[in-house]
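Worksheet: the structure to be examined is printed underneath.
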Amino acid sequence: MQIVIYNLFLIFLCFLFLISCAEKQENKNQQSEIVLLSKQISKEPKNIKLILDRVNYNLSKNNYESAIYDLKQCVLLDSLNADIRYKIGDAYFNLSKKSQKIEHINSSILHLEKAVKIDKKNYLSLSLLGEIFLAFRGVDEKKFIQSLSYFKRSLEINYNQEKTHLLIGYVYKYLQNIDMAIKFFSNAININPKFKEAYIEIAHTYHLQKDTLAISYYNNALLLDSFDVQLLYNKAIFYQEIMDWNNALSSYSELHKVDPFHADGHYNLGFIHMELKLFDIATNNFSDAIYSNPNYYQAYYSRGICFETLGNIAQAESDYNRAIEINPSYDFAIKALKNIKKNNEYTRTN
């Protein structure tokens, strides 16, 4: 037996060694690629094609600072190239997502606006300008209208941009114009029938309206990605919100096939079984939620309610105490514990 274990240990060590060698070789190849590019650029410092090759390499690695450094050089070499202006604007935009610095946003807008001045048909720059005003200028209706203007100008040049249609849908959704939002989300799907995000947005929009059409779009999105945990959860939540208990139970079952330890899913099953007065089953659901997330104080409290209803006062008190230990300010558990001590002879004598 010891020999077998030793051999398995050796195999495991060899496996780790092979992975390490593969990772080192990959890093070496990547270093060789960037070193080779840099050597070529040092010999031809005004060769924009070579510089852009290094830009694309750095962008593929999300090295936005390095890409911007090279793109600035490209701008110096060809300041009237709209594509380069778009590329540096896009790089600044992506960098801003990490840095959250306003100067990166401003730099992005500067280069994108110059790209449009150079080439009035640069629809990519127009669309990205719209996205920036949508994403980084706060919940301000005027900014939404400004972003909408950029998006529409972009579509006038090239209609077949599913992402731009999606973003226009976002604008109308924020402006509470649901019909227009759904129209543009649908446009995105018409352009690209495999655009999962557009199906999700329509589903979510109908979901907020408590419209059962939401299910159709959740199902369409799940046809594209049946393992999307958030989608499965949202679909189950919708059924729960409209009190379609059978479909909700079935949907949570599908969720747990993909993610057996989805704590909120288990908790919601407990809630449904409480609504159905099946408190013994609900205790098991809340136990599963606690097993999936040991700090789920709401599950301890809810399980305590079930135990109290079933007459198991000792276990109910224990669960209320545990909920309070995790969250000392959780009023529901605090009140439940006071009531159980006041109303039950067991707790008065122990």
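The values are calculated or read from the model by the stated rules, or taken from the named source; none is laboratory data. Keep in mind that this is a model prediction, so the values were computed, not measured. Don't worry about glycine lacking a Cβ; one is built from the backbone with ideal geometry, like all the others, and counts go over all protein chains shown.
Is one or more of the residues making up the range 314-322 within 25 Å of GLU241 (Cβ to Cβ) and not aromatic (Phe, Trp, Tyr)? There is no residue in the range 314-322 that is within 25 Å of GLU241 (Cβ to Cβ) and not aromatic (Phe, Trp, Tyr).
Do the conditions hold for TYR320, that is, is it among the hydroxyl-bearing types (Ser, Thr, Tyr), closer than 11 Å to TYR267 by Cα and free of Cβ contacts under 8 Å to residues at least 40 places away in the same chain? No: the conditions fail for TYR320. Name the residue, out of ASP225, ASP211, that is at pLDDT 95 or above and either surrounded by 21 or more Cβ atoms within 10 Å (Cβ to Cβ) or farther than 21 Å from ASP259 by Cα (or both). One residue alone meets the criteria, ASP211. If you go through the range 38-66 and keep only what is under 28 Å from LYS101 (Cβ atoms), of a type in the set (Gly, Ala, Ser) and over 25 Å from the mean Cα position of the chain (by Cα), you end up with SER38, SER66.
Per this entry, ALA314 is counted among residues that are surrounded by fewer than 20 Cβ atoms within 10 Å (Cβ to Cβ) and over 29 Å from LYS194 (Cα atoms).
Please verify whether ALA188 is within 30 Å of TYR159 (Cβ to Cβ), among the aliphatic types (A, V, I, L, M) and not in a loop (DSSP other than H, G, I, E, B), treating the condition exactly as stated. Yes: the conditions hold for ALA188. For the range 49-86, a tally of residues being part of a helix (DSSP H, G or I), more than 14 Å from LEU37 (Cα to Cα) and either among the hydroxyl-bearing types (Ser, Thr, Tyr) or in contact with a Cys (Cβ under 8 Å, 6 or more places away or on another chain) (or both) returns 5.
Okay, residues lined up against (1) at pLDDT 90 or above; (2) within 24 Å of LYS121 (Cα to Cα); (3) surrounded by 13 or more Cβ atoms within 10 Å (Cβ to Cβ):
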{"position": "PHE12", "(1), (2), (3)": "no, no, no"}
{"position": "ILE34", "(1), (2), (3)": "no, no, yes"}
{"position": "SER42", "(1), (2), (3)": "no, no, no"}
{"position": "SER60", "(1), (2), (3)": "yes, no, no"}
{"position": "GLU65", "(1), (2), (3)": "yes, no, no"}
{"position": "CYS74", "(1), (2), (3)": "yes, yes, yes"}
{"position": "ILE88", "(1), (2), (3)": "yes, yes, yes"}
{"position": "ILE105", "(1), (2), (3)": "yes, yes, yes"}
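Does the range 132-151 include one or more residues that are of a type outside the set (Val, Ile, Thr), within 30 Å of PHE238 (Cβ to Cβ) and at pLDDT 95 or above? Yes; the residues of the range 132-151 include at least one that is of a type outside the set (Val, Ile, Thr), within 30 Å of PHE238 (Cβ to Cβ) and at pLDDT 95 or above. Only residues that are surrounded by fewer than 17 Cβ atoms within 10 Å (Cβ to Cβ), in a helix (DSSP H, G or I) and in contact (Cβ under 8 Å) with a residue 24 or more places away in the chain were counted in the range 119-143, giving 1. Quick check on ILE340: is it part of a helix (DSSP H, G or I), aliphatic (A, V, I, L, M), without any contact (Cβ under 8 Å) to a residue 40 or more places away in the chain and more than 30 Å from PHE227 (Cα to Cα)? Yes: the conditions hold for ILE340.
Elements of the type helices (runs of 4 or more DSSP H) sitting completely within the range 194-297 and holding at least 2 residues that are out of contact with any Gly (no Cβ under 8 Å at 6 or more places or on another chain) and within 29 Å of ALA333 (Cα to Cα): these cover 229-241, 245-258, 263-275, 279-292. Set side by side, the residues HIS104, HIS165 differ, and just one is under 16 Å from ILE88 (Cβ atoms) and touching a helix residue (DSSP H, G or I) at 6+ places or on another chain (Cβ under 7 Å), which is HIS104.
Listed here are the residues, each with its yes/no results for (1) acidic (Asp, Glu); (2) under 27 Å from SER253 (Cα atoms); (3) surrounded by fewer than 19 Cβ atoms within 10 Å (Cβ to Cβ).
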position: ALA282; (1), (2), (3): no, yes, no
position: ASN295; (1), (2), (3): no, yes, yes
position: GLY304; (1), (2), (3): no, yes, no
position: ILE324; (1), (2), (3): no, no, no
position: ASN327; (1), (2), (3): no, no, yes
position: PHE332; (1), (2), (3): no, no, yes
position: LEU337; (1), (2), (3): no, no, no
position: LYS342; (1), (2), (3): no, no, yes
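Return yes or no: is SER318 farther than 23 Å from TYR233 by Cβ, of a type in the set (S, T, N, Q), outside any loop (DSSP other than H, G, I, E, B) and more than 28 Å from the chain's Cα centre (by Cα)? Against the criterion (farther than 23 Å from TYR233 by Cβ, of a type in the set (S, T, N, Q), outside any loop (DSSP other than H, G, I, E, B) and more than 28 Å from the chain's Cα centre (by Cα)), SER318 qualifies.
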